[in-house]
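Peer 1: Following this message is one structure expressed as structure tokens.
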Amino acid sequence: ELYKMRIQSIIMSLVLTFLPMAIFAGSGHDHGHGHSHGPVTQEKATATATRVVSNMVNQGVIEESWKSVQATSAEQKEFGGQSEWVVIFNNEKVTDVAKQKLYVFLTIDGRYLAANYTGK
């Protein structure tokens, strides 16, 4: 039983080690796009980004207080000639002011690309 718990904690720490790197890889994010299925609505983009934030909380990447935060805005922005959705969440419960704004990037057809605190 102890052995099983040890394996689980090793797996958990590995997951937590690699996840933040995948989610916050560098300051920018890759704007490569696959096949587009047409743009999603602002509501759909917001709903998808809200799910992403919830998943990040569940994975321990960001703190629990983000779970109750609503998106403050969702707008289409141009990155290298490609349109993307940028959904912004604002969490004043976070003590580090640089990390109170979370930007979630989605393809124009609503697929998750990246999340960071810089908006780039």
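Peer 1: If a residue has to be within 14 Å of Thr50 (Cβ to Cβ) and open to solvent by 40 Å² or more (accessible area, probe 1.4 Å) to count, how many in region 63-102 make the cut?
Peer 2: Final tally of qualifying residues: 5.
Peer 1: Shifting gears a bit: Take Ser13 and decide whether it is open to solvent by less than 80 Å² (accessible area, probe 1.4 Å), polar (S, T, N, Q), modelled with pLDDT under 95 and outside any loop (DSSP other than H, G, I, E, B). Break it down stepwise before answering.
Peer 2: Numbers: open to solvent by less than 80 Å² (accessible area, probe 1.4 Å): yes; polar (S, T, N, Q): yes; modelled with pLDDT under 95: yes; outside any loop (DSSP other than H, G, I, E, B): yes.
Against the criterion (open to solvent by less than 80 Å² (accessible area, probe 1.4 Å), polar (S, T, N, Q), modelled with pLDDT under 95 and outside any loop (DSSP other than H, G, I, E, B)), Ser13 qualifies.
The values are calculated or read from the model by the stated rules, or taken from the named source; none is laboratory data. What you see is a predicted model; the values in this text were computed from it and never measured. Don't worry about glycine lacking a Cβ; one is built from the backbone with ideal geometry, like all the others, and counts go over all protein chains shown. Calculation scope for accessible area: heavy atoms of the full protein, side chains included, ligands and nucleic acids excluded. Shrake-Rupley method; radii C 1.70, N 1.55, O 1.52, S 1.80 Å.
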